[in-house]
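Input: a single structure, listed below in structure tokens.
The values are calculated or read from the model by the stated rules, or taken from the named source; none is laboratory data. Note that this is a predicted model, so its numbers are computed, not measured. In this analysis, Cβ positions are derived from the backbone assuming ideal geometry, glycine residues included, and neighbour counts consider all displayed protein chains.
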Amino acid sequence: MGPGIFRACRKQRVPFFFKQWGGVRKNLTGRLLGGRTYDEMPTSVAA
């Protein structure tokens, strides 16, 4: 996962949710991306 996915989401105005860095030591790598936690979710649209 690199900054390209984040930039593509921003360019297309798509919400971005970053769950966590991969690997075997997830408790050390955490959820920060560029010093920030991203919990954006799409808005619901009524049918």
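Taken over the stretch 15-33, residues that are of a type in the set (A, V, I, L, M), assigned to a loop (DSSP other than H, G, I, E, B) and surrounded by 12 or more Cβ atoms within 10 Å (Cβ to Cβ) amount to 1.
Inclusion of residue 28 among residues that are of a type in the set (A, V, I, L, M, F, W, C) and modelled with pLDDT of 85 or more is not warranted. Only a single item in (1) over 9 Å from the mean Cα position of the chain (by Cα); (2) modelled with pLDDT of 90 or more; (3) not in a helix (DSSP H, G or I) is not met by residue 11, and it is number (3).
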